[in-house]
Structures are given as C-alpha cells and as structure tokens.
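Just below is one structure, and these are the notes that go with it.
The values are calculated or read from the model by the stated rules, or taken from the named source; none is laboratory data. Given the structure is predicted, the values throughout are model-derived calculations rather than measurements. Cβ atoms come from the backbone with ideal geometry, glycine included; neighbour counts cover every protein chain shown. Keep in mind that these areas ignore ligands, DNA and RNA; they rest on the heavy atoms of the full protein, side chains included. Shrake-Rupley method; radii C 1.70, N 1.55, O 1.52, S 1.80 Å.
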Amino acid sequence: MSATLKFDQRAIAVVELLGTTTECDDFEQALRERRWPILQKEGGPSTAMSARTTRYLLECRFPGSRVNARRGARERIEVVGDELQLDLNVEVTDLVVRDPEDRPVWFAYERPAADDPPASPPTRRARWRGRARRWCAERLAPYGTGRQVAAASRSRAQELATRTLPGAATPSSRVTVRRSVGAPDPAPGAVIRRRRREAREIVKLCHAAAALMITSSLIARLWPQGFAAWWVLGAVAVAALGSVAYWLIRIMPGKPGDAVGTALVVGAVTVAVGTMIELSGESDGPSGALSLVSVAAGYAVLTGIRLLVRQWSWRVVAPWLLPAVLPLALGFFPSLGLGLHALYLDAFGLNLEDVEIPRLWQVIATVRLGLAVNLWLIALAGLGYLQHLHWCVRDRWIGFTLLGFFALVLLTSGVWNFGLQTAAHAGAGAVRAAASGKTVDAYFGISPQWVCVRPIGPVEDIHVDGGEFRPSRPYLKIGDASGTAVLWDPAEKSALKMPMDKLRIIPVDEPPKSCAPSA
C-alpha cells in the first residue's frame, strides 16, 4: 500500500482470533503494515504449540465511500485472515465519525485613529470622512494585522485576536475583528455546520444541477418527437430538481423557504442553459445535447479511474493505464491512422496511393483511432466505482474476470463501431451524396469538391485511367497525388485518374447540369 494513500474511512472492529503465538504475531505484523492500530488486546495466553482465543479491538483505515463502508471494513480484515490462513472472525464493525465544526472566520484589524473621541466638535466634512474610514476599516480592513480567527461568536473572536502568541507581534489595544465583506455575525445559539458534510453536500448539489442541465438539453432535442419520446427524461429532470432542493435545504438549515426558492432559481438557470446549448447549434451540425452527454461520460470515466488510483496506488494502476496513452504514442506513427482513409477511399474504388493525405490529418486520424481503442477504459472506471463502494474487496478475481471480459468487448466495439465502421459509413455516405449531386463533407484531410474540368489541348492526347473523360460533365475532385488528379464521375460511378498539367480545374459550389462552355 502506498505511503501517501489517503484514508477516507475509519472503522472500529472487534476481531476474534483463534491461534498460536506465531499466528497472533503474524496478524499484528499485518496490521502494522497497513497502519491499522490495535487499541486493545484481550485473551490468551497462547503458546507456539497451543492455540487460544484472542480478541482485538482495532481501527481499520481505508479509502472509499461511506456507503457500505462497514462491510468494506469487515471484508478487508477477513482478507488479511485469508492471506495468513488464520481462524479469524470479525464480530463487530462500526464507523468512527470525525467531522469538525466549520466555525465562522474573522479578520483582525486595527481601528484607525479616527475612531478616537475628537478634541473639538467635528465639521460635517470630518464626520463624513470618519464614517468612510470606519466603513473601510470594518469591511475592507486596510489596517489588517494579518491574523485570522475561527470562532463561533464575536466575543470569542475578539479574545483570540488580542491574545499574545509566541513569535508573533503583540496586538495593540486598538485591534478588533470583523467578518468578510457583507457577512453578518452569527446569531446566538445558531447551529454550526460541519466542515466535511457541507463540502460533500455542495458536490452532490453540483452533480444534481449538472444532471438537470443534461436532461433538459436532451428534452429540447427530443421535443419535436412528442411527449412519448422524452417523458422518461422529464421524470429524471424532476427528480434532479428535487435533489437540488433537498441538498440546498441541507446546506441552508432552518431556511426551507429560501432553500426552495434558490432551488427554483438554480433549476430555471440550468434548464435555460441546457436548452440553449442544444438550440444554439446548427440544424445539420453536431448536437449540443449529445456533446453534453459525451462530456458527462468522460467525466464519469475519469472519476472512476481516479477512484481506482485512490484505492490502490499509481504504481499498481499505471500498467493498466498504459494503453490510455496510446493516442499520444500513435501520434509519432501517423501512418497507422491511414486505415480510416483507406476504408473511406474504398467506397470510391480508390487506394491510398491515389490521394495525398496531409501529415497533420494523418496524425489527427491516428489519434481518433486511438481514442476509439481506449473505449475499454469504461470497464476500468467501472472497477474503480466497485472498489470505491467496497463491492470488490474480497473475491477480487470475480471483478477482474468481469473487467477483462467487458474490456475485450469494449475494445472490439470501439475499434470497429467507432473507428473502422465509421470510416466505411462516411465513405458510403459520400458516394450517395455525390450520386445525388449534393455537397460532400470533408473527411480527415480528404476534401471532395465539385469541379468543371477544361482540357489543355486536345482531349485525345490526355491519358485517362478508369473511364472516359467528358469535359461537359461535372466531376467530384477527390484529391490528387504525384501530379495526378482523381475525379469521380457520378454518372458512371467510377473514378478517373488524369494528369493535372493537362487540365484546368474550375471549382463550383454546386454541380451544374452541364460544364460545356457557353457559346
């Protein structure tokens, strides 16, 4: 276990061990290696030959969620017993609750001399100047001493602000305290929040708001299809809004009305933002809702991997993550991405040698293929969530077997469905668009364009490979390589390869009915 591993949970356990002195020593050594302190030891005495019952009261420390943590503590102790082949039973497990108060923060400052009683009645200008200085001192503390105090009341904060500390400057009699700008003093007897609980509740609130934004964007996308297409998402949005209200009530105790009002405002803003993200895109462009879903999926995968690292260590997880840097590694070998271009050009009956692909687009296509390969990281993230929720502590071979199976399925699916098959579909779609005279989209450096072609010299002197060249027809220029232009004839559905120095190529926005020059 890494020495820098963060412990999220602490559990108290009562363990009964039936064993000899050697077995007890082995068990205690395993606890020291895991930094699990023994609080109490009862029973025995045992010898090297005879076994006696010994009860340990120990503290088990481990990372992970509070959910299902008691089971996680029990199974972690049982794993130690299984590794050492001990007759061990965990009788009691319970969590240690340590959540300090999040006391209000005060700032110490030295009152300006303007607060002293004046020797003579001040003028109106002096009174206004004194009020301005007092407001600046109380709100902005320009004469601050640098000392910060955490206290539940102003009297306690004043006492701590004027306390002499070793090695620090002695506070003067003019030192007093203030809250941050605009923050009121805590009411007497007010409930002080818990530091860690509030942080967790804020994170959950942000997740609920993000879920509401994503569902609202998806509803905006499916709205034209009718209620039957988005009613499930509507129920999810209502549940997300209810979660926002619930966590705001937890964050603002004693103010349910303000919490509900704030929840409605947050809900309205997130719904508006989600809807605008979907509606701001072009009708034929990428969907904003699907982009949000992709971002959320990426966040979920990265969070799962981070949780897996917290459960183990970088030294253990790094070998699993080596394939994740495959897109960066493949960037140094851009020719590996030409498989996408080859499948795309195959729809036109062409080879890679027929069209020159810019090197930058080769790198981009290689990274795209590498990202499709890394779809298997979803399985690795799933293992991270299982570890975080303590569902893969004992009998880990089950989790690893499932991980291997789903990783293989996702790897195959990613390479085929999101890599090679998309290239073949893009090529087939480009052929259909060209056959119907529509504009053909570019594909990783291949930019088909409608052109009219004028021969330079007699047509009979131009060598044509692949068919018959007719200057009156519009052609789709796929690209060129080594001075040879590749033109696709939508009428014959065949590609023509012709020398570029014998042609004058005129780009056009749309294919005309005839490219014959007008008289």
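The count of lysine pairs in the chain that are at least 8 places apart or cross chains, and whose C-alpha atoms lie under 16 Å apart, stands at 6.
For the chain, the relative contact order comes to 11 percent (Cα pairs under 8 Å, sequence separation of at least 6).
MET213 exposes around 50 Å² of accessible area when a 1.4 Å probe is run over every protein chain in place. If I compute solvent accessible area with a 1.4 Å probe over the protein chains, what percent of it on region 10-107 is carbon and sulfur? Its accessible area is 47 percent carbon and sulfur atoms. The distance linking region 91-106 with region 398-458 is 55 Å (Cα centroid to Cα centroid, whole angstrom). Between helix 288-311 and the chain there is an angle of about 50 degrees, using the helix long axis and the longest principal axis of the Cα atoms. What FRET efficiency comes out for the pair TRP135/HIS207, r = Cβ-Cβ distance, R0 = 30 Å, nearest 0.05? Given R0 = 30 Å and the Cβ-Cβ separation, E is 0.15.
Compared with the direct C-alpha span, the chain from GLU16 to SER50 gains 10.6 nm at full extension, assuming 0.36 nm per residue. Element breakdown for region 411-519 at a 1.4 angstrom probe: carbon and sulfur atoms account for 53% of the accessible area.
Taking Cα centre as origin and charging only the Cβ of basic (Lys, Arg, +1) and acidic (Asp, Glu, -1) residues, the dipole magnitude of region 448-513 rounds to 140 debye. Out of every Cα pair in the chain, what percent are spaced more than 45 Å from each other? Looking at the chain, the distances longer than 45 Å represent 48 percent of pairs. The orientation-averaged projection of the convex hull spanning the C-alpha atoms of region 127-266 amounts to 13.6 square nanometres.
Based on the Cα atoms of region 1-87, what semi-axes does the equivalent ellipsoid have, where each is the square root of 5 times one gyration tensor eigenvalue, given in whole Å with the largest first?
With the √(5λ) rule applied to region 1-87, the semi-axes are 25, 13, 11 Å.
Its relative contact order, with pairs defined as Cα atoms under 8 Å and 6+ residues apart, puts region 171-290 at 29 percent.
For a test of the definition: using alpha carbon positions, the gyration tensor, and the 1.5 limit on a/c, classify region 393-467 as rounded, prolate or oblate. The shape class here is prolate.
Both numbers refer to the Cα atoms of region 194-244; Rg and Dmax are 13.7, 47 Å.
Residues whose amide H comes within less than 5 Å of that of TYR443, counting only those at least five positions distant or on another chain, are absent (H built at 1.01 Å from N in the peptide plane). Shown here are the Rg and Dmax of the Cα trace of region 421-462, at 14.3, 43 Å. With the helix formula -39500 (n - 2.57) applied to DSSP H stretches of n ≥ 4, the chain reaches a computed 222 nm mean residue ellipticity of -15000 deg cm²/dmol. Probing with 1.4 Å while keeping every protein chain in the model, the per residue accessible area of the chain equals 58 Å². With 0.36 nm allotted per residue and the present C-alpha distance subtracted, the TRP391-SER472 stretch has 22.1 nm of extension available. If R0 equals 56 Å, the separation of the Cβ atoms of VAL265 and ARG32 corresponds to a calculated FRET efficiency of about 0.55.
The alpha carbon radius of gyration of region 356-484, expressed as a multiple of 2.2 N^0.38 Å, is 1.71.
If you wrap the Cα atoms of region 221-283 in a convex hull and average its projected area over all directions, you get 4.7 nm². Rg over Rh for region 150-219 works out to 1.25, both radii taken from alpha-carbon positions and Rh defined as the Kirkwood radius.
Residues whose amide H comes within less than 5 Å of that of ALA485, counting only those at least five positions distant or on another chain, are MET498, MET500 (H built at 1.01 Å from N in the peptide plane). Hydrodynamic estimate: the Kirkwood radius of region 439-487 over Cα pairs, inserted into Stokes-Einstein at 37 °C and 0.692 mPa s, corresponds to D of 271 µm²/s.
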